[in-house]
Amino acid sequence: MAKPTRCCGTEWTKKALIITAIVATLVAVGVTVGLAVGLTRRNNDSPTGRFASSPYTALSSQKGTPDLVATGLPGIRSLLFDDSTGVLLAVVKGTQQIVSIAVKPPSAADNSKVVLIDASQAKLKLNHGIAMDDAYLYASSATTVYRWKYDRKSPTIDVATREIFINNIDGADPNSDTAAGHITRTIVLDRNWMYVSVGSAGNVDRDSSRSKVRRFAYKSATTLPIDYQKGEVWADGVRNAVSMAFDARGAVWIAVNGADDLARPDLAPDMVQDSPVEPIYKLNGPANAFYGYPYCFVAGNTTGTFATDTNAGKVYAWPDFMNDGTHTDAWCQNPANVILPDAMVPAHAAPLAAQFHTETGDMYLALHGSWNRNIPSGYSLVRLPFTPAGTPTTNRVTDTIMWLTAGPCAYGGSCFRPAGLAIVGDVAYVSSDNTGDIVRVKL
Ligand SMILES: *[C@@H]1O[C@H](CO)[C@@H](O)[C@H](O)[C@H]1NC(C)=O
């Protein structure tokens, strides 16, 4: 049976049971400390005052308290900004809707919300991915990419135009949504290619047959649906590349959610705390380029801080494979076998969305946050600065733009957990599936 996995929605039920006792203690301490902090906070940090109600939904940023833009969007995931009409589009998993919210000019309230697609009747199980081109809006379930005709000038969508665009994503029956393991399928597209990422079935699979980014020359598709399994493998061995984004030059970057439960006592006594890091890669190809999962992982800091430890970023063999006769540390460290990361986010931070700033060229990442670490990581919006030449200025993501005011989140609490990201000029909109909110933060 597949091991339960950390990120992205419904898969952690079993693990959650196991850690209930720990969580109960943490919550008790957290609530006590948090209440003390919360009571001293102003009640009007946001338009509704809602953020003062739980210490773990109160947010701070480098440029002041973020604004609450919308609430009541349970399980909200990806955000997408449509610059032709100034609306944010959002996948709301809990209500099975795609909604649009007018944000330009900035509006403080959520009363401008329009339901574009209500997929609850058709049981489409939309859960994360969303993308658009000049004629269509695309959204994904675990098994399928759907599309609808989308006229950006119109505030509504004719749901009768729905088509199954890509099917057979994990080989399951497209009508049954029986996908196991990671269930999100992030979609990004440019004029030529649509990229769709699929994560692993379990924590550590036996091979990389699921863990890939495939791409499709989608504009020239003549018969629909397109079979997912026939897409070109543009990245192989990426455990769960939930974050995908184009840089200013049109290259695709991913941030990968790494595995849990790592034990390599020969490298560090409590290796799982800081390893594996969540690696960031520029996908340069060629087709079938291999990034290491499940045989290899990217180590975090083993002796010093994340910001300075020289071991962080090195690739090692995952313990299940290191004695299989092939996948040794030396094999993993041979660049002919495995591509090295361009940068890294601390272990277990769970990057669920990425976007590049069109003017500065910097990469921003929404970090959902962790459970497999004594001190939780993530629960924040972070920035990876880039040079004018389009490469990261550092390989460590340490610049936190927005964070939980009360500090690390007590797992299982009603914490703000970033899941979607849309950068519009000098602000970022960040969604939280756990609390059903969107906030606006100055960059
Ligand atoms: C790794 O870095 C983090 C953050 O800098 C720190 O909390 C942790 O203790 C470090 N781990 C080790 C083994 O020094």
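Each value in this text was obtained by applying a stated rule to the coordinates, not by laboratory testing. Everything numeric in this text was worked out from a predicted model, so none of it was measured. Positions of Cβ are backbone-derived with ideal geometry, glycine not excepted, and every protein chain shown enters the neighbour counts.
Here are some notes:
- Seen from all directions on average, the stretch 96-160 presents a Cα convex hull projection of 4.9 nm².
- Rg/Rh for the stretch 182-225, where both radii come from Cα atoms and Rh is the Kirkwood radius: 1.07
- Stretch gain in nm, segment Ile375-Asn284, where the contour uses 0.36 nm per residue and the Cα spacing is subtracted: 29.3 nm
- Share of alpha-carbon pairs per 20 Å distance bin for the stretch 65-442, given as whole %: 30, 60, 10, 0
- Positive-end ranking of Tyr364, Pro408, Val397 along the dipole of the stretch 353-443, with charges on Cβ about the Cα centre, is headed by Pro408.
- Cα extents of the stretch 399-443 along the three principal axes, largest first (Å): 33, 22, 12
- Shape category assigned to the stretch 347-443 from the gyration tensor of Cα positions, a/c cut at 1.5: oblate
- In this label model, Asp151 and Thr308 are separated by 6.2 nm, measuring between points 7 Å along each Cα→Cβ vector.
- Above 14 Å, the calculated P(r) of the stretch 64-119 contains 52 percent of its Cα-Cα pairs.
- Per-pair calculated FRET efficiency, R0 = 22 Å: Thr400 and Lys63 via Cβ, rounded to 0.05: 0.95
- Centre separation in Å (Cα based) which lies between the stretch 178-229 and the stretch 314-360: 20
- Tensor-based shape of the stretch 246-344 (alpha-carbon gyration tensor, a/c under 1.5 rounded, otherwise prolate or oblate): oblate
- The ranking of Val315, Val430 by Cβ neighbour count inside 10 Å, starting from the fewest, reads Val315, Val430.
- Label-point separation in nm, Asp227 to Thr358, each point 7 Å along Cα→Cβ: 3.9
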